[in-house]
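The values are calculated or read from the model by the stated rules, or taken from the named source; none is laboratory data. Note that the structure is a prediction, hence the values are computed from the model and not measured. Backbone-built Cβ (ideal geometry, glycine too); neighbour counts: all protein chains shown.
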Amino acid sequence: MPTRLSATRLAARLAAKELGVREVAQAHLDRIATLDATLGAFLTVDPDETMRWADAAQAKIDAGEAGPLTGVPIAIKDNLCTAGVRTTCASRILESHVPIYDATVVRRLREAGCVMVGKTNLDEFAMGTSTENSAFQVTRNPWDFDRSPGGSSGGSAAAVAAEMAPLALGSDTGGSIRQPASLCGIVGFKPTYGRCSRYGLVAFGSSLDQIGPFARTVEDAALLAEAITGHDRRDSTSANHPAIATQALKSGTLRGARLGVLKETLGESTDPRVTQGVERALDALRAEGADVHEVSIPSIGYGVTTYYIIAPAEASSNLARFDGVRYGLRVEGKGHIGMMEATRAAGFGHEVKARIMIGTYALSAGYYDAFYLRAQQVRALMRRDLEAAFQDFDLLVSPTSPVPAFKIGELTSDPLALKMLDYCTIPANMGGFPALSLNCGFADGLPIGLHLMGPVLGDERLLQLAYCVERALPDATGRPPLP
């Protein structure tokens, strides 16, 4: 059945013409039609558009121009611009917005011959950790429909875990790829900051945002990363560095690999079941010859506090463009100021409004030095400490999420608890480090994510070791109990 196949196997069968691209695309559209009324992973599904992508991919195959992902279905987070297809950021203010251009990553997907099956749900403007902040619907976890898939890229993670697409794209500002990957039991990869163009990504925190892949295996994630990365002159933050290479992906070994386990991530705030699952995984890696040692980096304890000053500050600036004048929602009011106030009051949800106000306050005269400047200084300290640790270790290891998937609505009355769920993932964004989550076990039937972080521009080595880790862990590629 096409929906059961990995992206790698699917591409091979398509290239060999054992399957047709339309057949594969329709199988995934049928599965979306069957499951998504319950899961709520997609905001936009356009079968006609999907078949246009499928026909373009089939033409590549027929011309002998098939690549590693030609014909493979992919879901795209709905904060990435898609020409002619609605892009909402899960916000009322962009509910009817249809871009006239593709994000660079979307253009590269077209060039690779991928087939878009739909745009996925998220926390509004990627602000959240549960996909409960969407203006349109709540996304549910395929492992337990009463639980959250994480966020903000919860729609993409749920789509891949539920086999509605073998691949998906998300964005990661403080853990928004890796945390939902952990809660949904799949692979989520955030490349080094700058290795993947942000052109066409609706900005949240410009110094933190990075686009990356979801997949069910490390190999699939690596192939998608290779397809979307590389320098882009249209993005001023794009690193002048080639695309992530995958030719050496399978040639690594854990024997002699130096893994540093972050002591601060396995304390009292981490669910004991998660700690036990991670420790079992570390025992398996030791058995493969990995050199595993504990390392203490106290500065990462300031990560959440620092993040929730810097990210809202950048958001308050980035979201100023949504003013009812140029595009998106417009609500009439008294004069220009009244129209802006009415539009933003009606168009933005509670979480977005809160972060805009926090960010504006942190940047305001009299408070800039006390909050924003100090947060940037702590960020620099954290990055320095992590870079020093990479002098001794190939990877830094921790849980991805301190808890397994939590029940929908369980934490809505405790916003601090929700924000603390990014405790383990935020440090990678603060320093621009590449990081990946993969499944390492289960707690009462719910997935546990193992978080691997590498040095800046060490993406290839990180993926190579992650591939070895995946092969060493028997639970790395479990599937949820769905039809």
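List of remarks:
- GLY333 meets the stated requirement of being touching a helix residue (DSSP H, G or I) at 6+ places or on another chain (Cβ under 6 Å), free of Cβ contacts under 8 Å to residues at least 12 places away in the same chain and either surrounded by 13 or more Cβ atoms within 10 Å (Cβ to Cβ) or under 25 Å from CYS89 (Cβ atoms) (or both).
- Of the residues screened, ASP102 is one that is farther than 22 Å from GLY478 by Cβ and of a type in the set (Asp, Glu).
- Residue check for ARG255: modelled with pLDDT of 95 or more, touching a Leu at 6+ places or on another chain (Cβ under 9 Å) and either surrounded by fewer than 17 Cβ atoms within 10 Å (Cβ to Cβ) or more than 16 Å from CYS468 (Cβ to Cβ) (or both): no
- With respect to the conditions (1) under 30 Å from ARG471 (Cβ atoms); (2) among the small types (Gly, Ala, Ser); (3) surrounded by 14 or more Cβ atoms within 10 Å (Cβ to Cβ); (4) at pLDDT below 95, GLY267 lacks only one, and its number is (3).
- When ARG147, ARG195, ARG233 are checked against the criterion of being of a type in the set (Lys, Arg), surrounded by fewer than 24 Cβ atoms within 10 Å (Cβ to Cβ) and more than 27 Å from ASP414 (Cα to Cα), ARG233 stands alone in meeting it.
- Looking only at region 199-221, and only at residues there that are of a type outside the set (Val, Ile, Thr) and part of a strand (DSSP E or B), the one that is nearest to PRO149 (Cα to Cα): PHE214
Conditions tested, residue by residue: (1) over 24 Å from GLU460 (Cα atoms); (2) part of a helix (DSSP H, G or I); (3) among the hydroxyl-bearing types (Ser, Thr, Tyr).
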| position | (1), (2), (3) |
| --- | --- |
| LEU223 | no, yes, no |
| GLN247 | no, no, no |
| ARG255 | no, no, no |
| SER269 | yes, no, yes |
| VAL278 | no, yes, no |
| GLY289 | no, no, no |
| ILE300 | yes, yes, no |
| PRO312 | yes, yes, no |
| ASN318 | yes, yes, no |
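- ALA59 being more than 22 Å from the chain's Cα centre (by Cα), assigned to a helix (DSSP H, G or I) and either modelled with pLDDT under 95 or among the aliphatic types (A, V, I, L, M) (or both): yes
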